[in-house]
1. Within segment 141-188, track down each residue that is modelled with pLDDT of 80 or more, in a loop (DSSP other than H, G, I, E, B) and among the acidic types (D, E).
2. Of all residues in segment 371-397 being polar (S, T, N, Q) and within 21 Å of V166 (Cα to Cα), which is surrounded by the most Cβ atoms within 10 Å (Cβ to Cβ)?
3. In segment 375-410, what count of residues is obtained for those that are more than 24 Å from A169 (Cβ to Cβ), in contact with a helix residue (DSSP H, G or I) (Cβ under 9 Å, 6 or more places away or on another chain) and either among the aliphatic types (A, V, I, L, M) or free of Cβ contacts under 8 Å to residues at least 60 places away in the same chain (or both)?
4. Confirm whether E130 is farther than 20 Å from D171 by Cβ, surrounded by 15 or more Cβ atoms within 10 Å (Cβ to Cβ), among the acidic types (D, E) and modelled with pLDDT of 90 or more.
5. Please go through segment 74-108 and give me each residue that is of a type in the set (V, I, T) and modelled with pLDDT of 90 or more, ordered by number.
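The values are calculated or read from the model by the stated rules, or taken from the named source; none is laboratory data. From a predicted model like this one, the values you see are computed outputs, not experimental measurements. Every residue, glycine among them, receives a Cβ derived from its backbone with ideal geometry; neighbour counts consider all protein chains shown.
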Amino acid sequence: MTEIVKGGNLPVPGQVWRIAVVRRAAGDGVPEVDASALLLDASGRVRGDGDLVFYNQPAHASGAVRLLGQVRDEEPRVADWLEIDTTRVEPAVQRIVITASSDDGTFGQVPGLHIRTTSAATGEQLALYEVDDASTETAFVLGEFYRRDGAWKFRAVGQGYDSGLVGLAEDFGIEGRDPEPGAGEPAPADEPPSSGAVPEAIPEELLAKVREAEAAVRAQAQARVPVQRPVRVGPQSDAELFGGDFPEFVRSGKGRTTLTVDVPIPAGYVVVDSTRAGEGYFCVESLDEKGEANGLLANTLLEDYEGRGLLRYDGKSPLRLRVSAGAGAWTLAVRPVGTVEELGRRARGRGGDVLLYTGPAGHLSSRLRTGFDHAYFLVQGHEPDGSDHLLANVASRLPRDGCPLPEGPLLVQVESADGDWSLEVRPPRQSRFWRRDAR
């Protein structure tokens, strides 16, 4: 048997192989772990839900991959066994990834996690890969069988996820999740790396400012009460339902200042675009008559920031904005809501943004990639009458969320996102595909 390191690979003769996902048995602080497999095409994605072999679907329709069951010994260790017959794998399948996941703990709590590949015919052990760097992950791609030049090879992968089996499977194209709240979702496998430099060490006083503003936004988001959707009448466009047209207002400067928008703006939603050169803390707020902040339009530590915020203007008192920034030059532009782009099935961006959704009710998957150790990710939906919907609200190292998406028209606001984000609209899912039967 050959013990291989992460990234190492070995040729695999065409035969039946048994794969053991081994670890310390659950109990005394060690969580339960499940093994599964995904069959992927040339694009690195499944062709449908049937390409996931797991506890609720223990055999692939082709017969090429099966989840055999679990074996325990006296140490105490436990192994989930899978079987792969490479001679029965369909031509469209280019990779078979072997995964482990936990619903009630992290892999930092699981001693002795390793994957072992054995010949079903002879019992000869081909390879062993041990995971020795697990921490907060709740799912792992341990290894994969893949085609290369007409033959099969096995590679040790060791890629961790903080999103459990549901999030890991969605990364490979499994559509949707159960309607009840669940684990978040990782970014798609083809998503580009995070863009923009992030400071390696952020001064604590700057982080404190961001966290203070985020806490206020989070509390405000959680306190909002849904309002009954109004009846839509008349020939107005979807964008016009949210706010009227007006001449844009643009100002540039440096440092901290307060601005009064001196163009006539009708009551309704207004977008505020902001750019800031360089790094450091950057914040844009709307102010009430007393000069106190009543809306957060930008709140970031991203370098060379470009983003879009949203506010609901009452049309009465003058619109005032306060900018807090360092030495870098900044520009603000107040524009009509009709300038926003439409959210189709997918969208990607960096920092704050506002999109117009006009489709049917569905499910919104939201993901954020950030260079910080901890990030707050907030996405909200706004109806023309001012009623709000919380679409993502999570704080973690790799924030991901999934929520029901109301029928449009709806302004979808990426409100807090210090990094590269992605949104994906999917049909609502009503099945219990992920529901676990009692053990």
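1. Within segment 141-188, the first condition is being modelled with pLDDT of 80 or more, and the residues that meet it are 141-174.
Imposing the further condition that a residue be in a loop (DSSP other than H, G, I, E, B) reduces the set to 149-150, 162-163, 172-174.
Passing the criteria: D149, D162.
2. Step one: filter segment 371-397 for residues polar (S, T, N, Q), giving 380, 387, 393, 396.
Okay, now just the ones that are also within 21 Å of V166 (Cα to Cα), so 393, 396.
Numbers: N393: 20, S396: 17.
In this case the residue turns out to be N393.
3. 2
4. Considered against the rule, which asks whether it is farther than 20 Å from D171 by Cβ, surrounded by 15 or more Cβ atoms within 10 Å (Cβ to Cβ), among the acidic types (D, E) and modelled with pLDDT of 90 or more, E130 comes out as yes.
5. Going through segment 74-108, the residues of a type in the set (V, I, T) turn out to be 78, 84, 86-87, 89, 93, 96-99, 106.
Selection gives I84, T86, T87, V89, V93, I96, V97, I98, T99, T106.
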